[in-house]
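Note sheet for the following structure.
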Amino acid sequence: MMIGNENGFSAPPGSSGRGQSADDEEAVGQFSVPGEDDTTIESASVPDMPDALGGVSMELLEIKRSIEDGMRQSISQAGGVRAADAFSDGGNIQGVSIGLGEGASDSSSGEPGMPALTLYVAEPTSVDRAKAAIVGAMGVRAVASDRVPVNIVVTGMIDAQPHRFRLRPAPGGVSVGHFRITAGTIACLGVGRSAPRNNRLMILSNNHVLANSNGGAFNDCIVQPGPIDGGRCPQDQVAVLERFVPINFSGGVNFVDCATGWAWPDRVRPELVYLSGGVPAYFRISNALVAPALGMMVGKSGRTTQLTQGRITGLGATINVNYGGGRIALFQDQIAITGVSGAFSAGGDSGSSIWTWNQQRNPLGLLFAGGGNITFANQMRHVVVALDINLYT
């Protein structure tokens, strides 16, 4: 299926370079990171989504919040740069979420199937040593109690996943990128919610895929496949950078790593792709967002690991994410996913849409980072609000 101009979408500016005309009203620098002030907007946008952590004890949630505060403070004091001894003591803690207990062991003190505090660590450690590090480095004494169930998950350093074929029109799930990066993945298509952006057909992916981790400007060339896979401007251009949410590297809270590229309508398509016997096969996902839930089975199609299945193993995750060059960003309210058989994602899968593994295929996340066998994703409901778009699937 090819989407043409007969559908009413306008073509992006003709330039393949960085130039910005007087008519280009979407100046990227003005967009702020979503924060507490966005709550009302998000509730109004998705009114029927339940609180996935509603059944978790207040004690566990308060401890999680205290650890998040400690992580935020450590990034702020370090100016967003990782020190040489970053993995000692509390620095070994890379993230925290609410998961499910796995039974008494050196890496879990949680009762099987019951809510537990999940700690993502760079280097292997025990529950007791992790608790001691949090008490010593962050002053969160409540975590030391034997009543607090904890899972330890080794992720290593959590990286923003930046790293095969050219396809026209380009579907979701294939290599794409800003002309100055390596490669990421097209999540799906979107349309702006108000004029003039409601007349633009856009590809959705990460900031670090389409906007070069804050380094891009409106009208920058976006190629498919991504540059590391041979994409070049202008011959492989499918879109221009249209909007992104800046990533805060100074200790502030991030909720999304996302961006849109204004696409030529005849160069993209709404389907996602996977390989079946070496031949591209296509499928559609829904545009009806759903809330993630612990244990939910999900899928994604991405540039590197293609079609994979996973299970949501953590919600409300707060993580430190490495963007290279010593730059670290703190993200909150993220989704943690573990692959069902092998890794759910790898470098180059960043930007993939994550959807329910059922007939509805409802989107719920935007893949952006990972470490060990754990993949992390933004909540899609935050993404569409931050970019002011509706999914076009």
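Across segment 165-191, the qualifying residues are those that are of a type in the set (K, R) and closer than 13 Å to V238 by Cα, and the one among them that is most open to solvent (accessible area, probe 1.4 Å) is R166.
When we screen D349, D333 for residues that are under 21 Å from L100 (Cβ atoms) and among the acidic types (D, E), the only hit is D333. Pairs are defined by a Cβ separation below 9 Å, a sequence spacing of at least 6 or placement on different chains, a first member in segment 69-93 that is at pLDDT 75 or above and of a type in the set (V, I, T), and a second member that is surrounded by 14 or more Cβ atoms within 10 Å (Cβ to Cβ) and in a helix (DSSP H, G or I); the pairs so defined are I93/I67; I93/G70; I93/M71; I93/A130; I93/A133; I93/I134; I93/A137; I93/M138. Scoring F344 on the criteria (1) outside any loop (DSSP other than H, G, I, E, B); (2) surrounded by 24 or more Cβ atoms within 10 Å (Cβ to Cβ); (3) hydrophobic (A, V, I, L, M, F, W, C) leaves a single failure, condition (1). The set of residues in segment 350-361 being out of contact with any Phe, Trp or Tyr (no Cβ under 6 Å at 6 or more places or on another chain) and either surrounded by fewer than 23 Cβ atoms within 10 Å (Cβ to Cβ) or modelled with pLDDT under 95 (or both) consists of T356, W357, N358, Q359, Q360.
Taken as a whole, segment 372-380 holds no residue that is open to solvent by less than 10 Å² (accessible area, probe 1.4 Å), farther than 17 Å from A52 by Cβ and either of a type in the set (K, R) or touching a Lys or Arg at 6+ places or on another chain (Cβ under 7 Å) (or both). Regarding segment 280-290, can at least one residue be identified that is surrounded by fewer than 22 Cβ atoms within 10 Å (Cβ to Cβ), among the polar types (S, T, N, Q) and either touching a Phe, Trp or Tyr at 6+ places or on another chain (Cβ under 9 Å) or within 30 Å of N199 (Cβ to Cβ) (or both)? The answer is yes; a qualifying residue exists.
Among strands (runs of 3 or more DSSP E) entirely within segment 109-225, having at least 3 residues that are closer than 30 Å to P270 by Cβ singles out 170-172, 175-178, 188-192, 201-205, 221-223. In summary, N254 fulfils each of the numbered conditions (1) under 30 Å from Q77 (Cα atoms); (2) touching a helix residue (DSSP H, G or I) at 6+ places or on another chain (Cβ under 9 Å); (3) of a type outside the set (S, T, Y); (4) open to solvent by less than 10 Å² (accessible area, probe 1.4 Å) with the single exception of condition (2).
The values are calculated or read from the model by the stated rules, or taken from the named source; none is laboratory data. Quick caveat: nothing in here was measured; it's all calculated off a predicted structure. When we count neighbours, we look across all protein chains shown, and the Cβ atoms used for this are built from the backbone with ideal geometry, even at glycine. What goes into the accessible areas is simple: the full protein's heavy atoms, side chains included, and nothing from ligands, DNA or RNA. Shrake-Rupley method; radii C 1.70, N 1.55, O 1.52, S 1.80 Å.
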